[in-house]
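Inspection log for the structure reproduced underneath, given as structure tokens.
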Amino acid sequence: MGTSSPPSALPEIGSSIGGCRIVRLIGRGGMGAVYEAQQVALERRVAIKVLRLDIGAGDESLREQFLKEARLAAMLNHPNIVQIFNVGRENDVDYIVMEYVEGVTFKELLAKQPKFPFARLARIAQKVARGLAAAHKERIVHRDIKPENIMVTAAGEIKITDFGAASLAVNVENPKENIIGTPLYLAPEVILRQPIDGRADIYALGLMLYAAAAGAHPIAAKSIKLILKAQLYEPLPPLKDLRPELPGRFVKLMETLCAKRPHERCTSEELLKVLESNPDWEKESGEGLLSEAPAGPGAAADLSKPAEEGKKSILHARLLITRDGEKAAAPAPPRSNEAAGARNQVKAGGAAPKTDPRLNELCVQARFQLMKRSLKKAEELFNQALSLDPQSETALLGLARLCTDAGRADEAIAHLRQVLQKGNCDPKVILDSSHFSALKDHKEFRALLAEFSL
């Protein structure tokens, strides 16, 4: 039997901790390392997670909270949750001994097939919901649901891992500013440090399923600050535009799971009931949508139904920035007598001139490429859209976002100016968007603010 783990380092192969002999390193991350080990007393194969010493250093209450929550999680016994066998501290090292799972993470599966087959995705969602419902019934919140923490076994079963360990997913450099969880999957109430319950896990699950269905995470921001701002305020791009073949009922469910306000989301038990109510999701027509789970938009407010007529320009601006493709772009100003006649016909009550359907499709495809960080392809598609309508606000704002991300500030500001000069959008909503925060110190951007009295 090996020696105990030294307090200043992660265990070495062959050493022992918590009654387990370390066999091999499985993986190493920001929180510590996971090993395959042999639990000596019971002669069984286990996984053991050893946590970094600097996590919680100087804050004993944080470490005690971790041990308390991990022990609570150890009481969970469910086929869709990785079983925790033991939790403890040895030579000042915190560790968790858990069930060893043969398989891969959901993240690894998505890397091989980004736009996940829908029928399989629905089955995975159902099994994750079963595990969460069991945990939430015991008032245990995971707090770090994400693809890396969902295991798919060799037999095709689903296991949620890292229950109890999530409480240590903290900011080591700034412990006083710790928010537990992974920014791309944090519910707004977690960011705001409000009381949380199982619906914080539901929000994270919704984003995980959305990303798997769409082929990319809906939040494209890179900095933690911008990611958190998007979680709080930015609505998600319409999933139906990215995957038109998805059942309408499933799309509506995603909107419910990703609602910004906790009370607009369903609970894990309600989610499970909905998922089990129709096992043949691929045959779903989209009629009826959700009858059991409460409906809720993926935005901080219901942007599809403005309370006052006077807010239409604000609504229009928000939709263009954050939900490209949901609405057709505004028609270009008349450039000929024929176009002027068409506009007069509309004013007189006639039919509106039709927008080229290719315009909407190109903007949707461009937005999707932008989400995937394929900037060159996105720019090609936005420019194709502009070739159909040089005044398309959707395409111009898309290019403004793209140029901002690419560090081409002058081009971004030129596109913004072109949109704002049309007068169809609320300038404050456009210029205050987190997508353009990188431009705030630019001279021309400040001039744009002054020009529109902001």
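For the reader, a short list of remarks on this structure follows.
- Here the label points at Phe452 and Lys137, each 7 Å from Cα along the C-beta direction, are separated by 5.2 nm in the simple model.
- Multiplying the residue separation of Ser387 and Ala414 by 0.36 nm and subtracting their alpha-carbon distance yields 8.0 nm.
- Segment Arg89-Ile13, length gained on full extension (0.36 nm per residue, minus Cα span): 25.5 nm
- Kirkwood Rh in Å, taken over the stretch 103-283 so that all alpha-carbon pairs contribute: 16.5 Å
- Filter on Lys137/Lys159; Lys146/Lys240; Lys222/Lys273; Lys159/Lys376; Lys137/Lys222; Lys115/Lys377 - keep pairs with C-alpha separation over 29 Å: Lys222/Lys273; Lys159/Lys376; Lys137/Lys222
- Normalised contact order of the stretch 103-283, rounded percent, pairs of Cα under 8 Å and 6 or more residues apart: 27 percent
- Cα centroid separation, the stretch 63-125 to the stretch 15-50 (Å): 14 Å
- Computed extension gain for Asp441 through Lys377, at 0.36 nm per residue and net of the alpha carbon distance, reaches 20.2 nm.
Throughout, read-outs are computed from the coordinates displayed, never taken from laboratory work. As the structure is a computational prediction, the values presented were derived from the model and not from experiment. Backbone-built Cβ (ideal geometry, glycine too); neighbour counts: all protein chains shown.
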